[in-house]
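A.B. asks: If you scroll down you'll find the structure; I have some questions about it.
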Amino acid sequence: MESMTNGVINVHVNPKDKIEATNILKELGLNMTTFINMSLKQVIKKKAIPFEISLPTELDEALKETITIEKEHKSGKRKGYDNANEMLRSIIDD
């Protein structure tokens with residue numbers, strides 16, 4: 001029988017991220033070690049990162065801007081219109 005010893009990985013992470021991830025994993029019935037081992041097995045099996053990694057796209061930025069505008073509108077910081085005619089009247093009147 002082959003002797004199996006555990007390798008050790010030391011990782012520096014943001015403490016808040018560690019707490020949040022640990023809590024989520026606990027809800028899923030996992031601990032950090034099990035999750036990391038599962039992730040490593042997926043990397044080996046797929047020979048790739050097991051989730052998508054990409055740079056933010058223009059669409060992502062547009063979505064963020066839209067969400068910001070909606071929040072500003074709801075808080076009263078930005079004027080809103082019920083229809084296009086109302087908006088046009090406001091532009092002409094200004």
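A.B. asks: As a test of the formula, what do you get for the chain when each DSSP H run with n ≥ 4 contributes -39,500 (n - 2.57) and the sum is divided by the residue count, at 222 nm and rounded to the nearest 500 deg cm²/dmol?
C.D. replies: Calculated mean residue ellipticity at 222 nm is -19000 deg cm²/dmol.
A.B. asks: To continue, here is another question. Can you list the HN-Hα couplings for region 57-62, worked out from phi with the Karplus curve (6.51, -1.76, 1.60; θ = phi - 60°), rounded to whole Hz and with x for Gly and Pro?
C.D. replies: Going residue by residue, I get 9, 4, 5, 4, 5, 5 Hz, with x marking Gly and Pro.
A.B. asks: For the pair Lys16 and Leu40, what calculated FRET efficiency results from E = 1/(1 + (r/R0)^6), where r is the Cβ-Cβ distance and R0 = 25 Å, to the nearest 0.05? Intermediate values should be presented prior to the final figure.
C.D. replies: On the way: r = 24 Å, r/R0 = 0.96.
The formula returns an efficiency of 0.55 here.
A.B. asks: When we measure straight from the Cα of Lys77, which lysines land under 22 angstrom away, once same-chain ones fewer than 8 places off are left out?
C.D. replies: Once the sequence-local lysines are set aside, what remains near Lys77 is Lys64.
A.B. asks: Additional query: Using DSSP to define loop residues, name the chymotrypsin sites (Phe, Trp or Tyr not before Pro) in region 29-94 whose beta-carbon has at most 10 other beta-carbon atoms within 10 Å. Don't skip to the end; give the middle numbers.
C.D. replies: On the way: sites: Phe35, Phe51, Tyr81; in loops: Phe51, Tyr81.
Passing both the DSSP loop test and the Cβ count: Phe51.
A.B. asks: Write out the trypsin sites (Lys or Arg not before Pro) in region 32-94 meeting two conditions: DSSP loop, and at most 10 other Cβ atoms within 10 Å of their Cβ.
C.D. replies: Values: sites: Lys41, Lys45, Lys46, Lys47, Lys64, Lys71, Lys74, Lys77, Arg78, Lys79, Arg89; in loops: Lys47, Lys77, Arg78, Lys79.
Those satisfying the criteria are Lys47, Lys77, Lys79.
A.B. asks: May I pose another question? Please identify every one of the GluC sites (Glu not before Pro) in region 24-70 that sits in a loop by DSSP and has no more than 10 other beta carbons within 10 Å of its own beta carbon.
C.D. replies: Passing sites in region 24-70 are Glu52.
A.B. asks: Also, I was wondering about something else. I need the semi-axes of the equivalent ellipsoid of region 1-49: take the C-alpha gyration tensor, multiply each eigenvalue by 5, square-root it, list largest first in whole angstrom.
C.D. replies: Details: eigenvalues 103, 39, 32 Å².
Semi-axes (√(5λ), whole Å): 23, 14, 13.
A.B. asks: Tell me, what is the Rg over Rh of the chain, with Rh the Kirkwood radius over Cα pairs? Can you show the working numbers first?
C.D. replies: Details: Rg = 24.4 Å, Rh = 18.9 Å.
Result: Rg/Rh = 1.29.
A short reminder: the numbers here are calculations on the coordinates, not readings from a lab. Quantities reported herein were computed from a predicted structural model and do not represent experimental measurements. Don't worry about glycine lacking a Cβ; one is built from the backbone with ideal geometry, like all the others, and counts go over all protein chains shown.
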